[in-house]
1. So, in segment B:36-81, of the ones that are farther than 30 Å from residue B:140 by Cα and charged (D, E, K, R), which residue ends up farthest from the other protein chains (Cβ to nearest Cβ)?
2. Give me the residue from segment B:127-169 that is of a type in the set (Ser, Thr, Tyr) and either modelled with pLDDT of 85 or more or buried (at least 21 other Cβ atoms within 10 Å of the Cβ) (or both) and, out of that set, farthest from residue B:325 (Cα to Cα).
3. Within segment B:107-121, can one find any residue that is over 20 Å from the mean Cα position of the chain (by Cα) and assigned to a helix (DSSP H, G or I)?
4. Listed residues B:337, B:326; which is in a helix (DSSP H, G or I), farther than 30 Å from residue B:220 by Cβ and of a type in the set (Val, Ile, Thr)?
5. Quick check: is even one residue across segment B:87-102 of a type outside the set (Lys, Arg) and over 19 Å from the mean Cα position of the chain (by Cα)?
6. Test of understanding: among A:7, A:96, A:13, which residue is in contact with a Leu (Cβ under 8 Å, 6 or more places away or on another chain) and more than 14 Å from chain B (Cβ to nearest Cβ)?
7. Of all residues in segment B:170-185 being among the aliphatic types (A, V, I, L, M) and either surrounded by fewer than 23 Cβ atoms within 10 Å (Cβ to Cβ) or without any contact (Cβ under 8 Å) to a residue 24 or more places away in the chain (or both), which is nearest to residue B:112 (Cα to Cα)?
8. All but one of (1) in contact with a strand residue (DSSP E or B) (Cβ under 6 Å, 6 or more places away or on another chain); (2) of a type in the set (D, E, K, R); (3) farther than 21 Å from residue A:82 by Cβ hold for residue A:155, so report the exception by its number.
Amino acid sequence: MQALTNRNKAVDRKPMTLWEKMYIPSIVKGMSITLSHFFKKKPTISYPEEKRPFSPVFRGLHILNRDEEGRERCTACGLCAVACPAEAITMEAAERKPGEENLYREEKYAARYEINMLRCIFCGLCEEACPKDAVYLSETFTPANFTRESFIYKKQDLLIPDPKTEPEQYQKALGSRAKKN
Amino acid sequence: MFDLAFIIEKAVLIGGIITVSLLIAMYSTWAERKVAGFMQDRLGPNRAGWGGLLQPLADGLKLFMKEEIIPNASNKTLFILGPALAMLTAMMTSAVIPWGGKIEVFGRTVDLQIADINIGILYIFGVVSMGVYGIMIGGWASNNKFSLLAALRGASQMISYELAMGLAIIALLMITGSLSLKTIVEQQSTGWWNFFLQPVGFLIFMVCAFAECNRTPFDLPEAENELNFGYHQEYSSMKLGFYLFAEYINMFISSALMATLYFGGYDIPFVNDANLGANIGINALAAIQGITLFLKVAFFIFFFMWVRWTIPRFRYDQLMNLGWKVLIPLALLNMLVTGAVILWLGH
């Protein structure tokens, strides 16, 4: 039979020589290998203190973005919910009342906006579907909690901090994917 | 005659040595995990305290807090006796090891050795062979087939290797001419270390010490992947802790024994101890001697761990082959050659 690769090697079944039977040389060899590893640099990343750098296309938890004046961008058009292959997004629309112009960018807004993070597959289709640049996947990840209910993120969990009142937190939450205002 | 000062002196010494043994055993568990980590390119425990130094305390607390389970079908007396005996025999050996020279406290000259008995080595052999009962009783009383198998393996392994160990020691005794550990150390501090006179004997003794401590490559009584957890499978809480702890104390005592018998004990290398003592006083000398011994012991403990994370476990028949067909003939040959050389030099 022809070998598929040239890497195959016949098993050596020769009885061990006296030198090999003494074990000691091979033990010394093995122990020098482990000792050399003892002094090697460790590749461990001590997670909470050190973080692995993210690629620019990393897709973490969602944020709902605001515009430069701090108004919500989302108009509750529902395109993200339609685009979502995991059906993780639900929303309810409401009409902007007079006097709320500083809160909502357009006449219609999302009164309720929920993403089930246990259903979400972090594909980023909602972000692509959004015509108003409102929903983005940020660099936040590994959410931890005790109940399933707490993984259904409400609007207040998703909404980004106001860029006018809390610019630092806003920048931190924004991540690298969001189109900068 | 009743001598109160003598009793206090010995009680303090015993208390000190037990405390030191337990502390070293505690930090051996930390060191083991650190060494394992570093040899496998990991960091080891580093969360509890600086560099993970509080890890043994956390582990101990965890063991104490665990539920204490005694199996229904077990023999309760023996079940509790097992770990107690393992711990007891592990601690008892330290009585005859000299930990340093003499010190002077309150006008008394105190030997840093609990008992300088003239049959020190025989005493050690007696106690070490009792160590097998800890494993046997624990494994038997658990009423579990894995534990029983492990106990049988442990017993036959320890008995087989004790033989080679004894033969290796006989060759050493032919050189020293004394069974007292103190005399052996004193001989080494003026002359050569016994390692240079008995390299093969040391090798045999060390391999047997590994087997006696049930350390890899001879950890067949534990053999996680064949016998689940070996003889202490049914144990929980601090009774399990005692077994694990006894293993580390055994390791510490074996290291101390190897240092004492073959590497000069508390002898400071390249220095004439008596001259140094005349210059800096005997208390300072004893302190340096103690530190020297502990450095030697620390190296051997490291060596135990180094071997554990390098060499895989023997198969059972290989273990028996090595013990009976290699080590015992080798030890006999070593004894013969030693005797011949002594005879030849004597003439």
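The values are calculated or read from the model by the stated rules, or taken from the named source; none is laboratory data. Because the structure is a prediction, the values reported are computed rather than measured. Glycine also receives a Cβ, built like all others from the backbone with ideal geometry; neighbour counts cover every protein chain displayed.
1. Narrowing segment B:36-81 to residues farther than 30 Å from residue B:140 by Cα: B:36-55, B:57-58.
Now drop any that are not charged (D, E, K, R), which leaves B:41-42, B:47.
Numbers: B:41: 6, B:42: 6, B:47: 9 Å.
Among those that are farther than 30 Å from residue B:140 by Cα and charged (D, E, K, R), it is B:47.
2. First, the residues of segment B:127-169 that are of a type in the set (Ser, Thr, Tyr): B:129, B:133, B:142, B:147, B:156, B:160-161.
Checking the rest, the ones that are also either modelled with pLDDT of 85 or more or buried (at least 21 other Cβ atoms within 10 Å of the Cβ) (or both) come to B:133, B:142, B:147, B:156, B:160-161.
Numbers: B:133: 25, B:142: 33, B:147: 28, B:156: 15, B:160: 11, B:161: 11 Å.
Only one residue fits best here, namely B:142.
3. Checked segment B:107-121: no residue is over 20 Å from the mean Cα position of the chain (by Cα) and assigned to a helix (DSSP H, G or I).
4. On the way: B:326 fails: farther than 30 Å from residue B:220 by Cβ.
Result of the check over B:337, B:326: B:337.
5. Taking segment B:87-102 as the starting set, the residues that turn out to be of a type outside the set (Lys, Arg) are B:87-101.
Next, from what is left, pick out any that are over 19 Å from the mean Cα position of the chain (by Cα): B:101.
The answer is yes; a qualifying residue exists.
6. Numbers: A:7 fails: in contact with a Leu (Cβ under 8 Å, 6 or more places away or on another chain); A:13 fails: in contact with a Leu (Cβ under 8 Å, 6 or more places away or on another chain).
Going through A:7, A:96, A:13 in turn, just one is in contact with a Leu (Cβ under 8 Å, 6 or more places away or on another chain) and more than 14 Å from chain B (Cβ to nearest Cβ): A:96.
7. Quick first cut of segment B:170-185, residues among the aliphatic types (A, V, I, L, M) only: B:170-175, B:179, B:181, B:184-185.
Now restrict to residues that are either surrounded by fewer than 23 Cβ atoms within 10 Å (Cβ to Cβ) or without any contact (Cβ under 8 Å) to a residue 24 or more places away in the chain (or both): B:170, B:172-175, B:179.
Values: B:170: 26, B:172: 24, B:173: 23, B:174: 26, B:175: 25, B:179: 18 Å.
So, considering only residues that are among the aliphatic types (A, V, I, L, M) and either surrounded by fewer than 23 Cβ atoms within 10 Å (Cβ to Cβ) or without any contact (Cβ under 8 Å) to a residue 24 or more places away in the chain (or both), the one nearest to residue B:112 (Cα to Cα) is B:179.
8. (3)
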